[in-house]
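One structure below.
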Amino acid sequence: MTTAVKIYLFIILFPIINNGFCWGTSESNDKTELLQQEIKILEQRIGQTEAGKQGIIRQLQDNDRKIELRRRLIREFEQQSIKSSRRLKHIRSRVSDLEIQIDVLSDNLAVEESGLWELRNQVGERIAYMYKRLRSDKIALLLGSANLNDLSQRQRYLQAIARFDQLKLIELKLKRNQVFDERQKIIDVNRQLAVEKKTRQNELTKVNKLIKTKRSEENELKVEKIKKQKLLDRIVGDSELLHSLLDERQQSLQQIEWEIQRLEGRRPAARETWQPDVPFKQLSGKLPWPLERRTVVQPFGQVRHPELGTTTMNPGIDLKASIGDPVYSVARGQVTRIAWLRGFGNTVILSHGDGYYTVYARLGKIFLAEGDVLEPGQPIGEVGDSGAESSFHFEVWSKRNKQNPLKWLL
C-alpha cells in the first residue's frame with residue numbers, strides 16, 4: 001500500500017472513528033460522571049456544527065448518540081436509586097431493631113434498678129442493725145452460754161450471720177455492676193442508633209436526589225427525541241440529505257466489515273478457551289431467529305431505495321422491530337466486540353469459531369460484556385432507536401465472506 005493511499009484512508013476513516021465509533025471502550029467506576037461528560041462534549045459539538053446539509057446529518061448522528069448516552073445515564077441513575085433504596089430499607093430495619101433493643105434494655109434496666117433499690121434497703125437495714133444492736137448483743141449472747149457446747153453453737157450461729165451479711169454485700173455489688181452494664185448498653189445502642197439515623201437520612205437524601213436527577217434526564221431525553229424527529233422530517237423531504245444519510249450508513253456497514261476482517265486476520269494466532277457444541281457450518285437453515293418477529297424490511301444483497309432509486313449493498317438483513325424488543329444469540333459464541341456505531345447504535349459481534357461471526361446492531365440495552373460466552377437463545381440486549389429506521393440489523397459472516405442470514409435461519 002502506497003503512502004498516498006494510506007493518507008487517503010486515514011482522512012476518510014478518522015472522522016468516523018473519532019466521532020463516535022469506538023470498539024471496546026473501557027468502563028470507569030464512576031459511570032455517571034463519564035456519561036455526563038460525553039453528553040456535554042456532544043452538546044458543545046452540536047452547538048458548533050457547521051450549517052448546511054452535511055451539518056444536518058452530523059446533528060442527527062450526534063443527537064442519536066446523545067439519546068443513547070442519555071438512556072444509559074437514566075438506567076445508571078435508576079440502578080443506583082434501586083441500590084440506594086435497598087440500602088435505605090436495610091438501614092431502616094436496623095434502626096427499628098435498635099429501637100426495639102433499646103426498649104428491651106430499658107425494661108431490663110428498670111427491673112434491675114428496682115431489684116437494686118430493694119437490695120440496698122435490705123442491706124442498709126441489716127448494716128444499721130449490726131452497728132446499733134448486734135455488736136452488744138453478740139457479747140451478751142456469748143456470755144450467756146450455759147456451757148462450752150452452747151457457746152460453740154452460738155459462735156457458729158454468729159459466723160453464719162456474718163457470712164450471710166457478706167453474701168448480701170457481694171450480691172449488692174454484683175447487682176450494682178449489672179445496673180451499670182445495662183445503662184452502658186443503652187448508651188452504646190443509643191450512639192449506634194444516632195449513627196444509623198444519620199446514615200438513614202443521608203441515604204434518603206441520596207435516593208431523592210437520584211430520583212430527581214433521573215426525572216430531569218428523562219425530560220431532557222424527551223426534548224432530544226423531539227429534536228431528532230424534526231431533523232428526520234427535514235431529511236425525508238430532501239433527496240440530497242437522504243443521499244448523505246445513505247452514504248453514512250454504507251460507511252458504518254463498511255466499518256463492521258473491516259472489523260470482521262481484522263478479527264479474522266488475527267484468528268489463526270488466537271486461542272479460543274471455549275468450543276461450540278455443534279460446528280457453526282452444520283447449523284445452516286437451523287439457527288433460531290434473533291428476534292421474535294420475523295418481518296424483513298430490508299433483505300440481504302442489493303437494495304434499491306424507493307425514493308432515490310439508488311442501489312446499495314446490504315451485508316445482512318433488517319428486521320422490523322420496536323424499541324425494547326429482546327434480542328437473542330442465534331448460536332453458542334463468544335462476545336468479541338461491543339461498540340457504538342453511527343446510524344446503528346450499539347453493535348455486538350459474536351464469534352462462533354472456525355471463522356464464523358454474527359452481528360447484532362441497533363441495540364439499546366446490552367446485557368453482556370466482551371469475553372462472555374453465550375448459549376443459543378440467550379438474551380443479548382434490547383432493540384434501541386438509533387438511526388433513521390425503526391429496525392434491527394443482523395449479519396452472518398463466514399471468514400471474510402458475507403452470508404445471506406435467511407439461508408441460516410430456521
>> Taking 56 Å as R0, compute the FRET efficiency from the Cβ-Cβ separation of GLU78 and ARG163 and round it to 0.05.
In response: 0.15
> Using θ = phi - 60° and the Karplus form 6.51 cos²θ - 1.76 cosθ + 1.60, what ³J(HN,Hα) does each residue of region 37-43 get, whole Hz, x for Gly and Pro?
Replying inline: 5, 5, 4, 4, 5, 5, 4
> In what order do SER81, SER284 fall by count of nearby beta-carbon atoms within 10 Å, going from fewest to most?
Replying inline: SER284, SER81
> Assuming R0 = 30 Å, what is the FRET efficiency of HIS305 and LYS399, from their Cβ-Cβ distance, to the nearest 0.05?
Replying inline: 0.50
>> Net charge around LYS407, counting only other residues with Cβ within less than 13 Å of its Cβ (Lys, Arg = +1; Asp, Glu = -1)?
In response: +2
> Among the lysines, which have Cα under 25 Å from the Cα of LYS222 when same-chain residues fewer than 8 positions away are ignored?
Replying inline: LYS31, LYS40, LYS53, LYS66, LYS206, LYS209, LYS212, LYS214, LYS230, LYS320, LYS365
> Under the definition of Cα pairs under 8 Å and six or more residues apart, what whole-number percent is the relative contact order of region 274-410?
Replying inline: 30
>> Under 5 Å between amide hydrogens, which residues at least 5 positions from ASP372 or on another chain qualify, with H placed 1.01 Å from N in the peptide plane?
In response: VAL335
> FRET efficiency for PHE367 and TRP289, Cβ-Cβ distance as r, R0 = 25 Å, nearest 0.05?
Replying inline: 0.90
>> I'd like the Karplus ³J(HN,Hα) series for region 358-367: coefficients 6.51, -1.76, 1.60, θ = phi - 60°, whole numbers in Hz, and an x wherever there's a Gly or Pro.
In response: 10, 10, 10, 10, 6, 8, x, 6, 10, 9
> Once you have the alpha carbon radius of gyration of region 225-336, what is it after dividing by 2.2 N^0.38 Å, with N set to its residue count?
Replying inline: 1.37
> Whole-Hz Karplus ³J(HN,Hα) for region 79-85, in order, using 6.51 cos²θ - 1.76 cosθ + 1.60 and θ = phi - 60°, x for Gly and Pro?
Replying inline: 5, 5, 5, 5, 5, 5, 5
>> At a 10 Å Cβ-Cβ cut-off, how would you order THR295, THR32, fewest neighbours first?
In response: THR295, THR32
> Under a 5 Å amide H to amide H cut-off, with H placed in plane at 1.01 Å, what residues pair with GLY316 once short-range neighbours are removed?
Replying inline: GLY301
> How much length, in nm to one decimal, is gained on full extension between GLU272 and GLU257, taken as 0.36 nm per residue of separation minus their Cα-Cα distance?
Replying inline: 3.3 nm
>> Can you give the log10 of the normalised intensity I(q)/I(0) at q = 0.17, 0.19 Å⁻¹, computed with Debye over equal Cα scatterers of region 274-410?
In response: -0.87, -1.10
> When Lys and Arg each count +1 and Asp and Glu each count -1, what net charge do the other residues less than 13 Å away from GLY353, Cβ to Cβ, add up to?
Replying inline: +1
>> Under the 0.36 nm per residue contour assumption, what length would be gained going from the current alpha-carbon distance of ARG156 and GLU375 to full extension?
In response: 69.8 nm
> Label ILE226 and GLU171 with points 7 Å out from Cα along Cα→Cβ: what is the distance between them in nm?
Replying inline: 8.3
> Long-range amide H contacts for ASN346: which residues qualify at under 5 Å (H placed 1.01 Å from N, peptide plane, sequence gap of 5 or more or a different chain)?
Replying inline: LEU341, ARG362, LEU363
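Only the coordinates and a few stated rules stand behind these numbers; no lab work does. For clarity, every value in this text was computed on a predicted model and none was experimentally measured. Every residue, glycine as well, gets a Cβ built from its backbone with ideal geometry; the counts of neighbours run over all protein chains shown.
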